[in-house]
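Undergrad: Right, I'll just put the structure down here and ask away after.
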Amino acid sequence: MDDSVEDKIIYQVYLTHMKLLSSKLTSAKNKVNSFNNMWKYMQFYFTKPEVIFFLALILCLLFFSGNLFQSTNGFLKKINRSLSFIGFNDFQQLMVDEKDALSKNWKFDGKNVALYAIKGRRSQMEDRYVIKTNIMNTGISLFAIFDGHGGEFAAEYATTHLMKNLTNKIIEVKKLLDEKTDATEDLKIFNSNTPDNLTPKMKTKIIKIEEHTPTKMKPTSSADDSVISLNKHKQDPLNLKKDITTLKNVDDEIINPSSYLQKDGNINFSKILIDEVLAADKLLIEAAKLTYDIAGSTALIVLVEGTTLFVANVGDSRGVMCDKKGNAIPLSFDHKPQQMREKKRIAEAGGFISFNGVWRVAGVLATSRALGDYPLKEKQFVIANPDVLTFDLSHHDPQFIILASDGLWDTFTNEEAIECIKRHIDDSFYGAQYLTIQSFNRGSLDNITVLVIKFPPIWSKESQVVDHGGSKY
């Protein structure tokens, strides 16, 4: 072939190749231009004030109606399949079956006392509660919320042992006070009469008083008298009724019940609450060490006697009062690791706090005080010392109080919870149920327990005893 002809062929092939390459670049450029045009259109329309206002209004309506989570639940479920392999635990926790989460619940609707609790997005129910009104006709009532973590052991133990010991101690001290009062009145009668003027019935009373007066009262322990018996072949920390037979007192100090009687004739309930919580925690730690159970629990205990309200708190469950003006009055304050007081105490004990989603003690526990959690108790990184607050109900004249686990407070403020119950004050059970479900709809990831107590306390004249110390619904 002639060289000139060969050069022409090569030149034509080169031109054809360049034309094809040019056409590809042009099409790519057109695609880029189309994307740019689309972005410009979006910027033009979505930056208009009226469009922004309209979208914000829709978002607010969804949020305040409590349906924001429900409206996006379908979309989240679709993308969950593609993200599940990454290990987004919290995201997957949102995707639990809503019907299953809400159907497993505890309910109680009594005399001005109502409770509603759900398992929510947790795999098991670790919350516990206790309702005891007019204990043994003493006029004293007890209410408690226990929010377990790391398992059910600690919360279940607190329900079955701490509250039992506390109840027994209150009855014992109350009986001692009544006997002391009766003895004082009878002695006054004796001093105002001569022996010759006394009737046989009065003489019998005086003989009984003289028999009891010199006798020293046998000190009793503030703790339960049982010791944990562990079967080496069957270590089941959740089956307390099978494993726990007796409880051994680990506290060397024996407290005389008369030490709770004050000179003014009243009972020092604050001291009783503190002593019983600390005694129960020591027993719980010994029990947990035998079964290698690292579970822990918060404790929120309310004691009502006449017009006085005592609130003992360990952890981040919370109580709130609605006073006569409709204001939200905190009954307790959460124990969080990032609080200055708690942070300083943990540092002085040689511990530290770190941020892992939330601030945690030693990077593990999100509350700085709890029952149980024995690995963190050895060096006092976590303690069980309760804060006890006292309220004069005649001064506050409350409409109702709310006691709840942190599953509620993660999604509701004190004021929002109070407003919600105020709207349903005529039906406190419905109010507790509505508040619990709304907290779930707002995306709470925890068990949710809400206890509503209305005032004045008509329940103070009737005994109601309800508690859940098991995982069955």
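The values are calculated or read from the model by the stated rules, or taken from the named source; none is laboratory data. Remember, predicted model here, so these are calculated numbers, not experimental data. Note that each Cβ is placed from the backbone with ideal geometry, even for glycine, and that neighbours are counted across all protein chains shown. Please note that ligands, DNA and RNA were not included when accessible areas were found on the heavy atoms of the full protein model with its side chains. Shrake-Rupley method; radii C 1.70, N 1.55, O 1.52, S 1.80 Å.
Undergrad: Show me the ranking of peptides 154-163, 413-422, 274-283 by mean Cβ neighbours inside 10 Å, starting with the highest.
TA: Working: 154-163: 26.1, 413-422: 17.9, 274-283: 22.9.
Per-residue Cβ counts within 10 Å, averaged per peptide and sorted highest first, yield 154-163, 274-283, 413-422.
Undergrad: Could you pull out the pairs from Lys132/Lys175; Lys169/Lys324; Lys174/Lys454 whose alpha carbons sit more than 28 Å apart here?
TA: Details: Lys132/Lys175 18 Å; Lys169/Lys324 33 Å; Lys174/Lys454 25 Å.
Among Lys132/Lys175; Lys169/Lys324; Lys174/Lys454, the Cα-Cα distance tops 28 Å for Lys169/Lys324.
Undergrad: Going by average Cβ density within 10 Å per residue, which order do the peptides 373-380, 310-317, 349-356 take, highest to lowest?
TA: Numbers: 373-380: 17.5, 310-317: 25.4, 349-356: 13.5.
Ranked by mean Cβ neighbours within 10 Å, highest first: 310-317, 373-380, 349-356.
Undergrad: Report the net charge of residues surrounding Asp109, where surrounding means a beta-carbon distance below 12 angstrom and charges are Lys +1, Arg +1, Asp -1, Glu -1.
TA: Result for the neighbourhood of Asp109: +2.
Undergrad: Could I ask something else about it? Roughly how many nanometres apart are two label points built 7 Å out from the Cα toward the Cβ at Glu415 and Asp109?
TA: It is 3.2 nm.
Undergrad: Also, quick follow-up: Which value, in Å² and to the nearest 10, is the accessible area of Arg121 when all protein chains are kept and the probe is 1.4 Å?
TA: The accessible area of Arg121 comes to roughly 10 Å².
Undergrad: I need the shape label for segment 362-416. Rule: rounded when a/c is under 1.5, else prolate if a/b > b/c, else oblate, with a, b, c from the alpha carbon gyration tensor. Could the numbers behind the result be given before it?
TA: Values: a/c = 4.07, a/b = 1.79, b/c = 2.28.
Here segment 362-416 falls in the oblate category.
Undergrad: Here's another thing I want to ask about it. To the nearest 10 square angstrom, what accessible area does Met136 show with a 1.4 Å probe?
TA: Met136 has an accessible surface of roughly 140 Å² with all protein chains in place.
Undergrad: Among 399-408, 105-114, what's the highest-first ranking by average C-beta atoms within 10 angstrom per residue? Write out the running numbers ahead of the final one.
TA: Numbers: 399-408: 25.5, 105-114: 17.9.
The peptides rank, most packed first, as 399-408, 105-114.
Undergrad: Once label points are set 7 Å from the Cα along Cα→Cβ at both Asn327 and Asp387, what is their separation, rounded to one decimal in nm?
TA: 1.8
Undergrad: Could you compute Rg(Cα) / (2.2 N^0.38 Å) for segment 111-169, with N its residue count? Before the final figure, lay out the partial values.
TA: Numbers: Rg = 13.1 Å, N = 59, 2.2 N^0.38 = 10.4 Å.
This ratio for segment 111-169 stands at 1.27.
Undergrad: I want to verify the translational diffusion coefficient of segment 312-411 in µm²/s; compute it with Stokes-Einstein, Rh as the Kirkwood radius over Cα pairs, at 10 °C and 1.306 mPa s.
TA: On the way: Rh = 14.7 Å.
The diffusion coefficient I find is 108 µm²/s.
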